Amino acid sequence: MLIQIKVLAIISLLFSSQMMADGHITKELKITDDSFSCIRDMTKVGSLYVSNLNGDSAATIAVANSEVGGVYPEGSLVQLVPTEAMVKRKSGFNPATEDWEFFELKVSKTGSNINKRGFADVVNRFGGNCFACHIKAEKKWDMICKQGHGCDALPTTPAMISLIQKTDPRCESNEALTAEEIEAGIQLKKLLGG
Ligand code: HEC
């Protein structure tokens, strides 16, 4: 009887989704408010900031830098602005979104709050569906839009993006703004209806 139970336990371990092909036991990735922090503590690749919530930032940076594209590894966190993020879940987690989970965050001096999260159903504060835009990126870019990857362009300029990145309220100290970024701030306010 005892042996039977042991055999069953071993079999269930072998077939458990926690068991990787190479024999490593992986833990389910838990994503909470604390998974996100000052955008500039991540690694800057082009205009994007990337890191990896499983600790394998090198693998994420390698794909972000690749000129031929590639599939981002599990745990990859990609951001352009502090309030929007994409996290790559494990392979097969959500095939429709290529396993990307979309996040809309509220950010302040005290940290990040996940306002919305999910897969094909998350919309940003302008009513735009994250997935509907990001799916337009050519397949080889794994839903990363950047510029020239096939997505419809955002109405923001590069100076607006760098202004937003430089003024993340979660960062301890913020860098000085250039005259161009200050001007971009005025334009951005107009764009947002302010
Ligand atoms: C109107 C289309 C559109 C919508 C809606 C949209 N995005 Fe994007 N997103 C883009 C484009 C285009 C870029 C690249 C902009 C650039 O680099 O200038 C981008 C950039 C990003 C990036 C940086 C990586 C990349 O793909 O370049 C992340 C992360 C991101 N968006 C997440 C989100 C999330 C999360 C939502 C929903 C809450 C969202 N986006 C909604 C079009 C969109």
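Taking the Cα centre of segment 108-194 as the origin, how large is its charge dipole in debye, to the nearest 20, when only Lys and Arg (+1) and Asp and Glu (-1) carry charge on their Cβ atoms?
320 debye
Could you work out how far helix 2-15 tilts from the main Cα principal axis of the chain, as a 0 to 90 degree angle to the nearest 10?
Compared with the principal axis, the helix lies near 30 degrees.
Within the set of other residues whose C-beta is less than 14 Å from the C-beta of Gly111, count the net charge using Lys and Arg as +1 and Asp and Glu as -1.
-2
So, R0 is 22 Å and r is the distance between the beta-carbons of Ser173 and Asn113; what FRET efficiency does that work out to, to 0.05?
Working: r = 22 Å, r/R0 = 1.00.
So the FRET efficiency works out to roughly 0.50.
Mind listing the phi-derived Karplus ³J(HN,Hα) values for segment 61-67, rounded to whole Hz, using 6.51, -1.76 and 1.60 with θ = phi - 60°, and x for any glycine or proline?
In residue order, the calculated couplings are 4, 4, 5, 4, 7, 5, 8 Hz.
Whole-Hz Karplus ³J(HN,Hα) for segment 189-194, in order, using 6.51 cos²θ - 1.76 cosθ + 1.60 and θ = phi - 60°, x for Gly and Pro?
Computed from phi, the couplings for segment 189-194 are 4, 5, 4, 8, x, x Hz.
Which entries of Lys90/Lys190; Lys30/Lys190; Lys90/Lys189; Lys90/Lys146 show an alpha-carbon separation above 29 angstrom in the structure shown?
Violating the 29 Å limit, Cα to Cα: Lys90/Lys190; Lys30/Lys190; Lys90/Lys189.
At what distance in nm do the modelled label points of Val68 and Ala96 sit from each other, each positioned 7 Å from its Cα along Cα→Cβ?
Those two pseudo-labels are separated by 3.2 nm.
Mind telling me which of Ile39, Ile135, Ile31 comes out most flexible in a GNM of the chain, alpha-carbon contacts under 10 Å?
Most flexible of the set in this elastic network: Ile31.
Hey, with R₀ at 22 Å, roughly what FRET efficiency would Asp152 and Leu191 work out to, going by the Cβ-Cβ distance, to 0.05?
In this case the efficiency is close to 0.90.
Residue separation times 0.36 nm, minus the C-alpha to C-alpha distance between Ala120 and Glu183: what's the value? Could you put the intermediate results ahead of the total?
Numbers: separation 63, 0.36 × 63 = 22.68 nm, distance 3.52 nm.
Gain in length upon complete extension: 19.2 nm.
With a Förster radius of 22 Å, plug the Cβ-Cβ distance of Lys30 and Lys106 into 1/(1 + (r/R0)^6) and report the FRET value to the nearest 0.05. Before the final figure, lay out the partial values.
Values: r = 20 Å, r/R0 = 0.89.
Given R0 = 22 Å and the Cβ-Cβ separation, E is 0.65.
What is the percent of Cα-Cα separations in the chain that go past 29 Å?
Of all Cα-Cα distances in the chain, 29 percent exceed 29 Å.
Rule-based calculations on the coordinates, nothing more; no lab input. In this text the structure is predicted, and so the values were computed from the model without any measurement. Cβ atoms come from the backbone with ideal geometry, glycine included; neighbour counts cover every protein chain shown.
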